[in-house]
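The values are calculated or read from the model by the stated rules, or taken from the named source; none is laboratory data. What you see is a predicted model, and the numbers here were worked out from it, not measured in a lab. A quick note on method: Cβ atoms are made from the backbone with ideal geometry, for glycine too, and the neighbour counts reach across all protein chains shown. Heavy atoms of the whole protein, side chains included, go into the accessibility calculation; ligands, DNA and RNA do not. Shrake-Rupley method; radii C 1.70, N 1.55, O 1.52, S 1.80 Å.
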Amino acid sequence: MEKSALQKARAAYQPKLPIALQGAVKVKEGEPTQSVDNQEEIKKLFPNTYGMPLVEFVPGEAAVNKKMNVGIILSGGQAPGGHNVICGLFDTVKKLNPENKLYGFLMGPGGLVDHNYIEITADYVDNYRNTGGFDMIGSGRTKLEEVGQFEKGIEIIRQLDIQAIVIIGGDDSNTNACVLAEYYAAKNYGVQVIGCPKTIDGDLKNEQIETSFGFDTATKTYAELIGNIERDCNSARKYWHFIKLMGRSASHIALECALQCQPNICIVSEEVEAKDQTLNDIVEQICEAVAYRAQKGNNFGVVLVPEGLIEFIPAIGRLIDELNDLLAAHGAEYKDLEPEAQRKYILEHLSKENASTFETLPEDVAHQLSLDRDPHGNVQVSLIETEKLLSDMCEAKLAKWAKEGKYVGKFATLHHFFGYEGRCATPSNFDADYCYALGASAAQLIANGKTGYMAIVKNTTANTNEWKAGGVPITMMMNMERRNGKMKPVIRKALVELDGNPYKTFAAMRDTWAKETCYVYPGPIQYWGPAEVCDTTTITLALEHQK
């Protein structure tokens with residue numbers, strides 16, 4: 001494999017581990033746990049993996065010579081640091097016993113079902129240390145939820161004498177990991193399943209998971225790009241840039257980038273929902289900033305828009321809920337109709353309130369909302385050009401204001417969507433260390449006989465030595481939610497908390513940012529140099545830990 005100069009230099013970086021994972025490890029168990037909600041339902045669905053204690057690793061006295069083969073799966077969208085989870089797992093598994101083997105199932109969970117795998121060797125793993133991407137074994141979006149899949153998986157697990165499977169993924173993938181763990185436990189197959197918290201969206205976090213891996217690197221990557229655009233914007237002084245950022249279910253990325261870059265406007269989906277704002281309310285807010293800045297001769301600015309905004313506008317959210325049920329029950333009757341006939345069918349079958357919302361939407365947006373869902377049953381919001389929709393509506397409102405004498409200025413726009421640019425970036429020092437520690441934690445959970453757990457690393461705003469590693473039962477994070485018209489057990493997503501420090505810090509400053517030009521240009525991620533430049537956490541994490 002050809003390597004860049006950065007990759008060669010980066011390969012030599014040795015990720016730092018918490019003290020508890022540096023030598024022999026002992027398990028300290030906490031109190032029994034329960035799910036965040038719907039305790040009876042979750043307990044009934046997961047009788048073998050419910051109520052287990054929290055686990056923390058502390059320095060032990062004697063190293064365990066544990067014989068075990070392990071399988072690893074990358075699931076869902078890419079996130080920086082995934083390779084280091086595998087490296088941390090590999091190194092720890094080999095440290096426990098040099099004869100242990102690590103098998104990578106190729107292209108996601110489908111690799112387990114289809115028996116598509118490779119053995120990960122020392123030479124192979126060395127090519128991927130501290131690199132971005134998931135190309136070491138590939139990823140996929142196959143959902144592990146059918147008994148037939150579990151049984152196909154056990155065939156290859158037995159053949160390779162695998163004791164445990166580690167699934168690196170987001171909330172849905174870890175929910176599936178828990179379902180798999182429960183199934184194998186119920187059948188007494190003796191196969192452990194461990195999860196690892198991955199998603200650049202930042203919405204897989206709670207009291208036990210401080211941050212999901214990849215969020216740090218992705219937001220630093222996006223913040224560099226936004227800062228570059230802000231500098232260009234402030235240089236040319238003639239464009240309003242509308243930037244859509246990844247984050248279908250939560251606005252953590254947009255909020256973190258706003259805290260880093262101080263744009264003129266950042267929409268926070270959770271606030272839109274809490275205040276029952278309409279699309280028009282959001283447009284009005286942006287236009288007021290545009291008009292104010294135009295009065296000062298500043299016909300330029302930057303607007304950050306979270307990818308999932310459209311679903312958080314309450315009227316549209318209610319419409320999507322009904323469309324989801326309609327698609328599940330009657331999709332076959334209208335999916336293949338011509339657009340006009342399809343629209344007519346949908347309008348006839350919607351409630352009055354939702355039909356009137358559907359009618360007000362631009363045709364392309366309405367069409368997209370009524371189409372197929374992604375594998376998790378969600379509207380494919382990344383295909384909706386929300387940034388263009390908002391700028392078009394702003395243009396129309398400003399033209400109206402101009403006729404009424406309320407606006408004098410120029411409104412030229414440029415549009416951007418930053419998504420894939422951040423998913424496979426070379427991991428920051430934080431993500432390189434954090435992911436390596438997660439992999440080591442996963443190995444120790446297996447060595448200590450745990451299943452249905454997610455590897456965790458806490459106290460991450462402190463020095464790496466002081467990080468605390470362990471595991472949390474996946475059932476502890478679950479509740480029941482409606483998916484594809486049915487109630488299902490899922491890990492509860494973490495949304496931006498409007499009473500949390502990150503949002504409150506942003507809210508205290510945004511009026512100033514809207515009116516003045518307060519841009520900050522964070523620059524690229526640094527790997528070498530002073531710790532205050534290279535080893536910083538996200539502002540979100542720092543503020544969340546502020547006492």
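Brief remarks on what is shown
- Residue match in segment 398-408 (condition: open to solvent by 60 Å² or more (accessible area, probe 1.4 Å), assigned to a strand (DSSP E or B) and in contact with a helix residue (DSSP H, G or I) (Cβ under 9 Å, 6 or more places away or on another chain)): no
- Val93 being buried (at least 22 other Cβ atoms within 10 Å of the Cβ), aliphatic (A, V, I, L, M) and over 25 Å from the mean Cα position of the chain (by Cα): yes
- Out of Ala63, Ala12, sole residue that is open to solvent by 70 Å² or more (accessible area, probe 1.4 Å), among the hydrophobic types (A, V, I, L, M, F, W, C), farther than 29 Å from Leu160 by Cβ and without any contact (Cβ under 8 Å) to a residue 60 or more places away in the chain: Ala12
- Subset of segment 175-231 that is basic (Lys, Arg) and not in a helix (DSSP H, G or I) - its residue that is nearest to Met477 (Cα to Cα): Lys205
- Yes/no for Thr426 being surrounded by 13 or more Cβ atoms within 10 Å (Cβ to Cβ) and in a loop (DSSP other than H, G, I, E, B): yes
- Scanning segment 23-35 for residues that are in a loop (DSSP other than H, G, I, E, B) and open to solvent by less than 100 Å² (accessible area, probe 1.4 Å) yields Gly23, Ala24, Thr33, Ser35.
- Scanning segment 137-174 for residues that are assigned to a loop (DSSP other than H, G, I, E, B) and either among the hydroxyl-bearing types (Ser, Thr, Tyr) or surrounded by fewer than 21 Cβ atoms within 10 Å (Cβ to Cβ) (or both) returns Gly138, Ser139, Arg141, Thr142, Lys143, Glu145, Glu146, Leu160, Asp161.
Here's the yes/no breakdown for (1) out of contact with any helix residue (DSSP H, G or I) (no Cβ under 8 Å at 6 or more places or on another chain); (2) in contact (Cβ under 8 Å) with a residue 24 or more places away in the chain:
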| position | (1), (2) |
| --- | --- |
| Pro489 | no, yes |
| Gly500 | no, yes |
| Lys504 | yes, no |
| Lys515 | no, yes |
| His545 | yes, yes |
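- Failed condition for Ala20, given (1) closer than 30 Å to Leu180 by Cβ; (2) surrounded by fewer than 17 Cβ atoms within 10 Å (Cβ to Cβ); (3) among the small types (Gly, Ala, Ser); (4) under 28 Å from the mean Cα position of the chain (by Cα): (2)
- Where a residue in segment 141-167 is on the phi > 0 side of the Ramachandran plot and its partner, wherever it lies, is open to solvent by less than 50 Å² (accessible area, probe 1.4 Å), with Cβ under 8 Å and at least six apart: Asp161/Asn69
- Some residue of segment 238-253 being hydroxyl-bearing (Ser, Thr, Tyr), open to solvent by less than 20 Å² (accessible area, probe 1.4 Å) and outside any loop (DSSP other than H, G, I, E, B): no
- Residue that is surrounded by 18 or more Cβ atoms within 10 Å (Cβ to Cβ), within 24 Å of Arg141 (Cβ to Cβ) and modelled with pLDDT of 85 or more, where the choices are Leu369, Leu323, Leu319: Leu323
- Residues of segment 254-283 classified as assigned to a loop (DSSP other than H, G, I, E, B) and open to solvent by less than 10 Å² (accessible area, probe 1.4 Å), total: 4
Okay, residues lined up against (1) more than 29 Å from Gly140 (Cα to Cα); (2) surrounded by 13 or more Cβ atoms within 10 Å (Cβ to Cβ):
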residue: Glu2; (1), (2): no, no
residue: Ala5; (1), (2): yes, no
residue: Pro53; (1), (2): yes, yes
residue: Met68; (1), (2): no, yes
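- Criterion violated by Gly81 - all others in (1) farther than 24 Å from Gly148 by Cα; (2) in contact with a strand residue (DSSP E or B) (Cβ under 8 Å, 6 or more places away or on another chain); (3) surrounded by fewer than 24 Cβ atoms within 10 Å (Cβ to Cβ) satisfied: (3)
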